[in-house]
Amino acid sequence: MNEQKAIAIIDSGVGGLTVAREVMRQLPQERILYFGDNARCPYGSRPPGEIRSFSLQMIQFLFQYPVKALVIACNTAAAVVLEEVREFTAVPVLGVIEPGARAAISASRTGRIGIIGTETTIRTAAYERALRRINPNLYVAGLACPQFVPLVENRLIHTPEAERIVAETLAPLKYEELDTLILGCTHYPLLAPLIQKALGDEITLISSAEETARELSTLLSLSDMHAPAQWDQPRHQFFTSGEIEVFRQIGEEWLGCPVNVEHRVLEPSVPIK
């Protein structure tokens, strides 16, 4: 039965917890299976072949469980494997790029939109293509921020070092006259206060998490796959390829609830059925 199945979420590390939190808020009856590949994070500077292999390994692992939808919460992974995964599985697959693009266009007043992301996300221009499919007349400026993910994964977001790195990295965008900035990596909302401080309150920050969860809710409704409202609180499961305690601490801080996490070693992937 579809209502007994879980929402699978994959990410290169803890960043996808920003999506998981929003899914938990909007869809409190839905069970979540989350895999963070912390041991091999960050993905942003890795070659596409590695990103593809690692992403398929996570998906293959979570598909051992009853799953009714998959969210590729990692922007880098979504830019590389989203279409391929959609082709090879009957399970609905959502990325975070198109929902983020739609939210940015809705928020922008001037049509001048910035994107910050990993090197791969910026290099593939996945967000720019998604934005221009909707409105080809937008002004779009992209900036790779490779130092941001390690700040989050190493729990440095509340340090003066993090504030300095964020300000120095984002300095080029201050001359672009942007009114909206897409946080094109699920780790980046954890740095949102520092990003806002660096760019000013006049910039609207867009996290794709809220829009992705809304799209997931619509998909479940249209397919009649929502978990019944009368069900008890679902038991979420979290897995990491990295350090359990680090993941648990970040997860509990961000999700605001106890997080039970298990360590798993990923196996080489095979074609997804």
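Return the residues of region 229-255 that are farther than 25 Å from Leu266 by Cα and either in contact with an Asp or Glu (Cβ under 6 Å, 6 or more places away or on another chain) or in the same structural domain as Ala104 (by TED's automatic domain parsing) (or both); say none if nothing qualifies. Correct list: empty.
Here's the yes/no breakdown for (1) modelled with pLDDT of 95 or more; (2) closer than 21 Å to Arg264 by Cβ; (3) surrounded by 22 or more Cβ atoms within 10 Å (Cβ to Cβ):
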| residue | (1), (2), (3) |
| --- | --- |
| Leu27 | no, no, no |
| Met58 | yes, yes, yes |
| Ala79 | no, no, yes |
| Glu98 | no, no, yes |
| Ala104 | yes, no, yes |
| Ile113 | yes, no, yes |
| Ile116 | yes, no, yes |
| Glu119 | no, no, no |
| Thr124 | no, no, no |
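Collect the residues in region 60-77 that are aromatic (Phe, Trp, Tyr) and either touching a Cys at 6+ places or on another chain (Cβ under 7 Å) or surrounded by 24 or more Cβ atoms within 10 Å (Cβ to Cβ) (or both), keeping them in residue-number order.
Residues satisfying the conditions do not exist here.
Which of the following residues is modelled with pLDDT under 95, closer than 21 Å to Ala192 by Cα and either surrounded by 16 or more Cβ atoms within 10 Å (Cβ to Cβ) or not aromatic (Phe, Trp, Tyr) (or both): Glu153, Glu163? Only one candidate passes the filter, namely Glu153. Candidates Leu143, Leu131, Leu191, Leu173: the one that is of a type in the set (A, V, I, L, M), outside the structural domain of Gly256 (by TED's automatic domain parsing), under 17 Å from the mean Cα position of the chain (by Cα) and not in a loop (DSSP other than H, G, I, E, B) is Leu191.
On the basis of being in contact with a strand residue (DSSP E or B) (Cβ under 9 Å, 6 or more places away or on another chain) and assigned to a loop (DSSP other than H, G, I, E, B), does Val14 make the cut? So Val14 fits the description; yes. Taking the criterion of being within 13 Å of the chain's Cα centre (by Cα) and part of a helix (DSSP H, G or I), the residues of region 74-100 that qualify are Asn75, Thr76, Ala77, Ala78, Ala79, Leu82, Ile97, Glu98, Pro99, Gly100. The set of residues from region 210-240 being in contact with a Lys or Arg (Cβ under 7 Å, 6 or more places away or on another chain) and in a helix (DSSP H, G or I) comprises just one member, Glu211. Being touching a strand residue (DSSP E or B) at 6+ places or on another chain (Cβ under 9 Å) and more than 19 Å from Ser241 (Cα to Cα) holds for only one residue in Ala39, Ala8, Ala69, and it is Ala69. Residue check: Leu178 meets all listed conditions (1) part of a helix (DSSP H, G or I); (2) modelled with pLDDT of 95 or more; (3) in contact with a helix residue (DSSP H, G or I) (Cβ under 9 Å, 6 or more places away or on another chain) but one, namely (1). What residue, among those in region 37-70 that are part of a loop (DSSP other than H, G, I, E, B) and polar (S, T, N, Q), is nearest to Gln237 (Cα to Cα)? By that ranking, first place goes to Gln64. Of all residues in region 256-273, those that are under 13 Å from Leu17 (Cα atoms) have Cβ atoms under 9 Å from Cβ atoms of residues that are hydroxyl-bearing (Ser, Thr, Tyr) and at pLDDT 70 or above, 6 or more apart or on another chain, in Val261/Tyr34; Val261/Thr240.
Only residues that are without any contact (Cβ under 8 Å) to a residue 40 or more places away in the chain and among the aromatic types (Phe, Trp, Tyr) were counted in region 167-211, giving 1.
The values are calculated or read from the model by the stated rules, or taken from the named source; none is laboratory data. Values in this document were obtained by computation on a predicted structure and should not be read as measured data. Cβ: placed from backbone, ideal geometry, glycine included. Neighbour counts: every protein chain shown.
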